[in-house]
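The values are calculated or read from the model by the stated rules, or taken from the named source; none is laboratory data. Computed from a prediction, not measured in an experiment: that's the story for all the values here. Neighbour counts run over all protein chains shown; Cβ positions are idealised from the backbone, glycine included.
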Amino acid sequence: MSPRSASVNEEMRRRSRTRLLEATVELVSERGYESTTLGDIADRAGSARGLISYYFPGKRQLLQSAVHRLMHLTLAEALEREPPPSGPQAGRERLARSIDAILGIARDRPVLMRAHMAGLLQAEGFIQCAEQQRLAALLRDTMVRYGSRDPDADYPLLRSQLMGAVVAQLLPGAPMPMARMRAELFGRYGLSWELGFPPETGPEGGPVLA
């Protein structure tokens, strides 16, 4: 049997890494961070336990990469959804979709996002990785298309505001409704409520009137 080519080996490594990231999202969403072990993740991914150590320094780094990948894919899907943003409002539509995509993850996967946000406050803090860089590129491009004159300064501000809104949605005992946080962010950027993917309830919790 001839040895596998370098390209085949690289594709196999990419698929193994992807399975680990997907398994992490699934298991932490189901069980929480503390109740999910690296062995559990390897079993769900159908991978050897040692592969995790090959790709990631530890469970916290694995979780951050997994969540950043989820955020990047969710955001990319939202930006590409039909009809594509076009015309003079395209930049504002892209920003509205970006906000809705990130807030929607917190709404749909609260256990996962609580674990992620808690990890950002640990000693190792915010970890740079390929998934985070892809997410950053999408958000920075969104600010460019929105019309920012200084996207390198405005992108980190948008990121911090989105993180704050996610934390507010997930605060145990006193969560803020997604619609209220959406209204706050839309107001800061001068976005009309009907842009993006409006929720069925308005910012005050009542139904949206046509």
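Residue pairs whose Cβ atoms lie under 8 Å apart, separated by 6 or more positions or on different chains, with the first residue in segment 94-112 and touching a residue at least 24 places away in the same chain (Cβ under 8 Å) and within 11 Å of L138 (Cβ to Cβ) and the second surrounded by 22 or more Cβ atoms within 10 Å (Cβ to Cβ) and of a type in the set (S, T, Y), are R94/T142; S98/T142. The residues in segment 110-137 that are closer than 20 Å to T74 by Cα and acidic (D, E) can be counted, and the count is 1. Taking residues in segment 119-132 that are closer than 12 Å to F56 by Cβ, and partners anywhere that are at pLDDT 85 or above and of a type in the set (G, A, S), the pairs with Cβ atoms closer than 6 Å and at least 6 places apart or on different chains are C129/S65; E131/S65. In the condition set (1) at pLDDT 95 or above; (2) under 15 Å from the mean Cα position of the chain (by Cα); (3) aromatic (F, W, Y), F126 is compliant with all but (1).
Residues in segment 55-65: is at least one crowded, with 19+ Cβ neighbours inside 10 Å, among the aliphatic types (A, V, I, L, M) and over 16 Å from G164 (Cα atoms)? Checking segment 55-65: at least one residue is crowded, with 19+ Cβ neighbours inside 10 Å, among the aliphatic types (A, V, I, L, M) and over 16 Å from G164 (Cα atoms). Just to verify a result, which residue in segment 5-31, among those that are touching a helix residue (DSSP H, G or I) at 6+ places or on another chain (Cβ under 9 Å), over 17 Å from G58 (Cβ atoms) and of a type in the set (G, A, S), is modelled with the lowest pLDDT? Filtering first and then ranking leaves S16. Exactly one residue out of G39, G119 is surrounded by fewer than 18 Cβ atoms within 10 Å (Cβ to Cβ) and of a type in the set (G, A, S), and it is G39. Residue check: is P156 of a type outside the set (A, V, I, L, M) and surrounded by fewer than 18 Cβ atoms within 10 Å (Cβ to Cβ)? It is true that P156 is of a type outside the set (A, V, I, L, M) and surrounded by fewer than 18 Cβ atoms within 10 Å (Cβ to Cβ).
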